Amino acid sequence: MQGQAQQQAYDRGITIFSPDGRLYQVEYAREAVKRGTASIGVRTQDGVVLAVDKRVPSPLLEDSSVEKIHRADNHIGIASAGHVADARQLIDFARRQTQVNQLRYGEPIGVETLTKEVTDHIQQYTQVGGARPFGVALIVGGVDNGEPRLFETDPSGTPYEWKALAVGAERADLQEYLEENYDEEADLDGGIALALDALASVNDGSLLPSEVGLATIDVETEKFDQFDHDTIETHLDENDLLSSDEDEEADDE
């Protein structure tokens with residue numbers, strides 16, 4: 001009983017390490033990320049792809065109101081998994097940092113620089129009493145001087161750079177799929193196909209356009225481009241991933 005009571009004490013304190021060097025609140029924040037729907041990032045030679053699973057819990061809900069992909073700057077996009085409100089706060093912070101950098105230095109902020117600004121902000125909430133860590137992980141993708149970059153932020157405040165990654169629900173299965181099928185020579189369309197294939201692999205092999213978010217940052221234009229419903233449907237159809245429910249609706253029309 002005494003050991004259990006001690007563990008509960010460490011649970012309550014974000015500023016206190018347990019005897020085995022753990023911050024329980026940070027670990028719980030990671031569990032919150034796992035409960036969020038999946039987001040995927042893929043880096044290709046031609047740019048970065050962001051794809052998200054934005055399952056709509058009710059047919060009465062406007063699917064456009066489920067926001068999991070955001071523009072941080074013209075050349076940077078962010079996808080999230082975890083608590084939506086926490087993600088919104090971090091994305092607003094990231095957007096402010098891009099503007100501060102533009103005003104201060106007269107140039108767009110680097111993808112790595114922005115990621116580290118965000119993770120520094122996240123890290124502060126792992127050592128301040130009276131606050132809790134952010135229960136969200138972000139995928140930050142963009143283009144720096146013609147080079148595609150892809151980063152992950154962790155609730156502990158640690159940045160990681162990836163070639164392809166998944167965060168959120170079923171991360172282990174998605175990451176395994178990406179590791180087996182990732183091709184460093186793929187173009188942007190190949191990256192889109194890989195991201196959609198990965199999402200479909202944990203969704204019965206097919207997807208609905210209304211439940212998928214998709215965006216790219218192209219090396220050539222260095223512009224963030226978020227796809228609309230019809231474009232997503234086209235990509236799903238081209239990759240034989242379009243759900244039969246969508247096919248039936250199209251036939252009825």
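Considering only residues in the range 93-113 that are part of a loop (DSSP other than H, G, I, E, B) and in contact (Cβ under 8 Å) with a residue 12 or more places away in the chain, the one that is surrounded by the most Cβ atoms within 10 Å (Cβ to Cβ) turns out to be I109.
With respect to (1) more than 11 Å from the chain's Cα centre (by Cα); (2) within 12 Å of S39 (Cβ to Cβ); (3) modelled with pLDDT of 95 or more, the lone exception for A169 is condition (3). Only residues that are closer than 21 Å to P148 by Cα and touching a helix residue (DSSP H, G or I) at 6+ places or on another chain (Cβ under 9 Å) were counted across the range 92-114, and they come to 10. Looking at the range 230-240, which of the residues that are surrounded by 21 or more Cβ atoms within 10 Å (Cβ to Cβ) and touching a residue at least 40 places away in the same chain (Cβ under 8 Å) is farthest from L174 (Cα to Cα)? That would be H235.
Just so you know, in the range 42-92 the residues that are polar (S, T, N, Q), at pLDDT 95 or above and open to solvent by less than 50 Å² (accessible area, probe 1.4 Å) include one that is farthest from A137 (Cα to Cα), and it is T44.
The values are calculated or read from the model by the stated rules, or taken from the named source; none is laboratory data. In this text the structure is predicted, and so the values were computed from the model without any measurement. Methodologically, a virtual Cβ is constructed for each residue, glycine included, from the backbone with ideal geometry; neighbour enumeration extends over all protein chains shown. Calculation scope for accessible area: heavy atoms of the full protein, side chains included, ligands and nucleic acids excluded. Shrake-Rupley method; radii C 1.70, N 1.55, O 1.52, S 1.80 Å.
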